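Peer 1: One structure coming up, written as structure tokens, with questions to follow.
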Amino acid sequence: MNFNLLKNYPPQFGGLCFTQAFYNFSFYGLKSIFVLYIITQLSLPESKAISLFATWMALAYGSSLIGGWVADNIFNAKTTIILGGLFQSLGIFFLTYSQENLVFLALALITLGSGFFKPTLSTSVGMLFDDPQDPKRDKAYSTFYVAMNLGSFIGPLICGFISKTYGGYYTSLLLIIMTLIGGIYLFYKRISFNHEKNPAILKKTLAFHAVFVGVGIVVLIFFLALLYKYHDSFHHFLAVIALGSFIYFGKIFYQSDSRERKDILNILLYILLFAFFCSLFEQAGSSLILFFDKSVDRTLLGMEIPSSALLSLNPIFVLICGPLFILFSERVIEKHKRIDGFVKMGAGFLLTGLSFFVLALSCSQRNTLVSLAWVVIALLVQVIGELFIVPIGYSNISKLSPPRYRSLMMSYWLMAIAYGNYFAGFIAQFSLSNPEMSESPIEHYQAFFLSLTLMPCLIGFLLLLYFYVKQSKSVVKRREAFRMQEEKV
């Protein structure tokens, strides 16, 4: 991979972008068809399919902590990334067999695979630069983000059409091929990273611990498969992890000084807000995909667009709106004064609520399918809200974290994605209409979308109100100080 876009970066950077794009193609392609595939191939009820999907998403992001530790302590980054691709390919292969127990094994392998490559690919970009302050570093991450979204955009689009035209078998075959291409390319690409273990030491470590590592991976796969098998009780497992996380968070708070404690409380609020945002944003793979499939007129220019292909709208809107949003923010929103992160998040939640209100409005016509234009508008508004929330959260977590806890705080942030994804499945259960009730499915969806409008709008309003009160008190204090100074004169 040697495009002009990459010529100013280390030569290994192109290989990482290429692999990330292909791996994301497979991950998000599978994500877009998963719920409908499970319903049709395994004949599972919608409620169980949504529960299984939510468990997968939670574990896919939660397992990133395992993958990061493995890359740092057992394998090197390149080996971890390639193994992640192999595990994901093997998992997708088993998913083609329509047997429930094999599906649990398949999801365990896919989860371990994504846990291996997701965090390691991202951190590997930074390892290409000796100087943490290198200006090319930030630009490299921006380019890498484009590669991520490119795979996330193309995957659902192509997989949706192939799944609808040729069926799930050929879709799975494509996903396996794309994952293997990314891994094989990286395998033959000579890539070395700065600040990584000495290869000789690594070789001895692998030789000494080969059996231990192999057994550990098998046990982990078996444990993940059990979590999927009993996914209806997965919330008990998450509750235990949450309790332990809060206890340890409390320990960090207790060991910090007064200034750090204020920052840590702000971090906790950012994490909780982000988890709730994820629970709304990740309706895309469950309740929204079913809404698109049942109630949206997806005909365009005489051709029916697969419901899963509509998930490509989010990454393409991010690619289009992201640069425009940065430009607008620099030249208009923050031209004279930087805006508090919670204010931006408040605006983001209001826009997220507005996106669901647009979907609720689209359901006003009871006897007709919803126009595709409503979906496009709603997802565009939601992406703008996302741009107000996600980058701001990442930036403030990094900025507010005490240096000795920075990596740990980022792990808590990533865990918020896992919990948000699982809670998204809980919320999505309310989108399923009860056959015994008299209301039509479109009426039920309208009530569901209206309920999703209220909470984010309330949170956004409270965040903006808090900032207004805080600013008003600040103005009063400045006026009082100025008046006292005049009296002294």
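Every read-out reported here was derived from the displayed coordinates using simple, explicitly stated rules and does not represent laboratory data. Just so you know, these numbers come straight off a predicted model, no measurement behind them. As a convention, Cβ positions derive from the backbone with ideal geometry for all residues, glycine included, and neighbour counts pool all protein chains shown.
Peer 1: The stretch 52-79 to the stretch 446-473: how many Å between their Cα centroids?
Peer 2: 34
Peer 1: Oh, and also: Taking amide H atoms as placed 1.01 Å from N in the peptide plane, list the residues 5 or more away in sequence, or in a different chain, whose amide H sits under 5 Å from that of residue 370.
Peer 2: For residue 370, the qualifying residues are 296, 297.
Peer 1: So, one more: Residue-wise, which Karplus ³J(HN,Hα) couplings in Hz belong to the stretch 74-87, taking 6.51 cos²θ - 1.76 cosθ + 1.60, θ = phi - 60°, and x for glycine or proline?
Peer 2: Running phi through 6.51 cos²θ - 1.76 cosθ + 1.60 with θ = phi - 60° gives 10, 9, 8, 4, 4, 4, 5, 5, 5, 4, x, x, 5, 4 Hz.
Peer 1: Show me 34-44, 143-153, 250-260, 116-126 ranked by packing, highest mean number of other Cβ atoms within 10 Å first.
Peer 2: Working: 34-44: 18.5, 143-153: 21.3, 250-260: 11.9, 116-126: 23.9.
The peptides rank, most packed first, as 116-126, 143-153, 34-44, 250-260.
Peer 1: Also, I was wondering about something else. Using only the alpha carbon atoms of the stretch 337-452, find the Kirkwood hydrodynamic radius as the inverse mean reciprocal pair distance, in angstroms to one decimal. Could you put the intermediate results ahead of the total?
Peer 2: On the way: mean 1/r = 0.0606 Å⁻¹.
So the Kirkwood estimate lands at 16.5 Å.
Peer 1: After finding the eigenvalues of the alpha carbon gyration tensor for the stretch 257-461, what semi-axes result from the square roots of 5 times each, listed largest first in whole Å?
Peer 2: Whole-Å semi-axes of the equivalent ellipsoid: 34, 20, 15.
Peer 1: Could you tell me the distance between the Cα centroids of the stretch 250-278 and the stretch 357-372, to the nearest Å?
Peer 2: So the two Cα centres are separated by 40 Å.
Peer 1: How big is D for the stretch 11-112, in µm² s⁻¹ as a whole number, if Stokes-Einstein is applied with the Kirkwood radius of its Cα pairs at 10 °C and 1.306 mPa s? Could you put the intermediate results ahead of the total?
Peer 2: Details: Rh = 14.6 Å.
The estimated diffusion coefficient comes to 109 µm²/s.
Peer 1: A further question on this structure: How large is the charge dipole for the chain, taken about the Cα centre, if only the Cβ atoms of Lys, Arg (+1) and Asp, Glu (-1) carry charge, to the nearest 20 debye? Could you put the intermediate results ahead of the total?
Peer 2: On the way: 37 positive and 26 negative charges, 305 e Å.
It comes to approximately 1460 debye.
Peer 1: Go through 157, 169, 471 and say which Cα lies farthest out towards the positive end of the charge dipole of the chain; charges sit on Cβ, +1 for Lys and Arg, -1 for Asp and Glu.
Peer 2: 471
Peer 1: Could you check how many percent of all C-alpha pairs in the chain are farther apart than 29 Å? Write down the numbers at each step before the final one.
Peer 2: Numbers: 63437 of 119316 pairs.
That fraction is 53 percent.
Peer 1: Too long at a 23 Å Cα-Cα cut-off: which of 251/470; 344/399; 251/344; 294/344; 78/399; 118/294? Please list the in-between numbers first.
Peer 2: On the way: 251/470 29 Å; 344/399 16 Å; 251/344 30 Å; 294/344 35 Å; 78/399 29 Å; 118/294 33 Å.
The pairs that break the limit, which is 23 Å between Cα atoms, are 251/470; 251/344; 294/344; 78/399; 118/294.
Peer 1: So for 413, 69, 56, fewest C-beta neighbours within 10 Å to most, what's the order?
Peer 2: Ordered from fewest to most neighbouring Cβ atoms within 10 Å, 413, 69, 56 come out as 69, 413, 56.
Peer 1: Using only alpha carbon pairs under 8 Å that are at least six residues apart, calculate the relative contact order of the chain and give it in whole percent. Write out the running numbers ahead of the final one.
Peer 2: Working: 624 pairs, mean separation 107.8, N = 489.
The normalised contact order for the chain reaches 22 percent.
Peer 1: Positive end of the dipole of the chain, charges at C-beta (+1 Lys, Arg; -1 Asp, Glu), about the Cα centre: which of 179, 141, 303 has its Cα farthest in that direction?
Peer 2: Value: 141.
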